[in-house]
1. Provide the solvent-accessible area of THR286, counting protein heavy atoms only and rolling a 1.4 Å probe, rounded to the nearest 10 Å².
2. Membrane-span-like helices in the chain: DSSP H runs reaching 30 Å or more (Cα, own axis), mean Kyte hydropathy at least -0.5?
3. Would you calculate the separation in nanometres between label points at ALA175 and GLU144, each defined as 7 Å from the Cα along the Cα-to-beta-carbon direction?
4. If you roll a 1.4 angstrom probe over the protein chains with everything in place, what fraction of the accessible area of the chain belongs to carbon and sulfur, to the nearest %?
5. Using a basic spin-label model with each label point 7 Å from the Cα along Cα→Cβ, how many nm lie between ASP126 and ASP39?
6. With every protein chain present, what accessible area does ASP120 have (1.4 Å probe, heavy atoms only), rounded to the nearest 10 Å²?
7. Over the chain, give the accessible area per residue in Å² for a 1.4 Å probe, as an integer.
8. Can you tell me how much longer the chain between GLU134 and LEU200 gets when fully stretched, taken as 0.36 nm per residue apart minus their C-alpha distance, in nm with one decimal?
Amino acid sequence: MSSAVFLNELGVVSALGSGHAQTRAGLFADQPGGLHENDTLIAGRTLALGEVRTALPDLSALPVELRGRNNALLAAALEQIRPAVDAAVARYGAERVAVIVGTSTSGIGESENALRMQADEGRWPDDFHYAQQEMGTSARFVREQIGSKGPAWTISTACSSSAKALMSAARLLRAGVVDAVVAGGADSLCRFTVAGFSALESVSAARCNPFSRHRNGINIGEGAALFLMTREPGPVRLSGWGESSDAHHMSAPDPQAKGAIDAMQQALQRAGLAPEQIDYVNLHGTATGHNDAMESLAVATVLGGQVPASSTKPLTGHTLGASGAIEAALCWLTLAENPEQCLPAHFWDGQADEALPPLALVSPGERAQRPLQHVLSHSFAFGGSNAVLALARS
């Protein structure tokens, strides 16, 4: 049995749009798009947010506990790969197809709206069920949509959630437990997350400015990405991964970057790659003081300062539990549907923080100097949960 694991099909929706064409156009544009101003989530404050503005599937015919924006985002991503998923279920059998989804919000937004009605009117909405906010609802929704009877679970480890979903899928496939996995993640905008990060003084009102000396916080975003993963050859291979848990602090990363360095080195080792073989790094790049300092140190230590790198969060916002899958999707498009060999740009003010190790941040319009073959994608979460994916063009 082959140990190679492939990302055969991709469905993605984010602030950049829905599907490959819209996402690719925004990813390689000369000017940043994606984010929009929003004054509805925090009273008296206008914020740049990565809001999905494309129409989402109507879930009103489903059981109430499966409705909600998080699952609608998953449905939008699933629609794009549904023919291939249906074919996989038919080919392998429902028991041999698994579902693994990462999320951090699930249906919290629906609970917020329901609690507001309860407080104002003394009754719960007819279209509300507590199970909407259960973390397991995400995987249950996808599983029931595709008719899978294989293993299914949701991972919620903050911003590393959906990167870990892809790793878990790879383990199932390599162990021969299943023959196909629908894996990825989703998160939806809600007051809870925006208010929480605002309380940490980690939210920027304007488009975020990663690795700048003027960086002052993140933009919250939403979206979903789902992959059909199998052992059958596909356009992109999940060649390696690494994960660690340094538990340095509840919300701040280890300033010495020990956990991030460990995860990067694991990913390289598992993929059988030397540092100089990496063609591009999708940085976690949150534009917070602590993360950018830690991550620049990790990249400089493991890869040096010459590998092209960028944070795509100024385009999508930080999609929290979905970020690992969405940024893997951006890497997938960079490898598989990019004949011009464009690199995702790093949009910032160009004012480097001299206290940080310098990185080769990608300028708009920049192209790879050699054929893109191997990329890394970083996800560094609260609690020191670190995840790094190594992707390779097949």
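1. Looks like 10 Å² after rounding.
2. Answer set is 69-92.
3. Calculated label separation equals 2.6 nm.
4. Within the chain, the accessible surface is 50 percent carbon and sulfur.
5. Computed distance between label sites ASP126 and ASP39 equals 3.4 nm.
6. Roll a 1.4 Å probe over it and ASP120 shows about 120 Å².
7. 37
8. Here the answer is 21.3 nm.
The values are calculated or read from the model by the stated rules, or taken from the named source; none is laboratory data. What you see is a predicted model; the values in this text were computed from it and never measured. Every residue, glycine among them, receives a Cβ derived from its backbone with ideal geometry; neighbour counts consider all protein chains shown. Side chains are part of the model used for accessible areas, which takes the heavy atoms of the whole protein and leaves out ligands, DNA and RNA. Shrake-Rupley method; radii C 1.70, N 1.55, O 1.52, S 1.80 Å.
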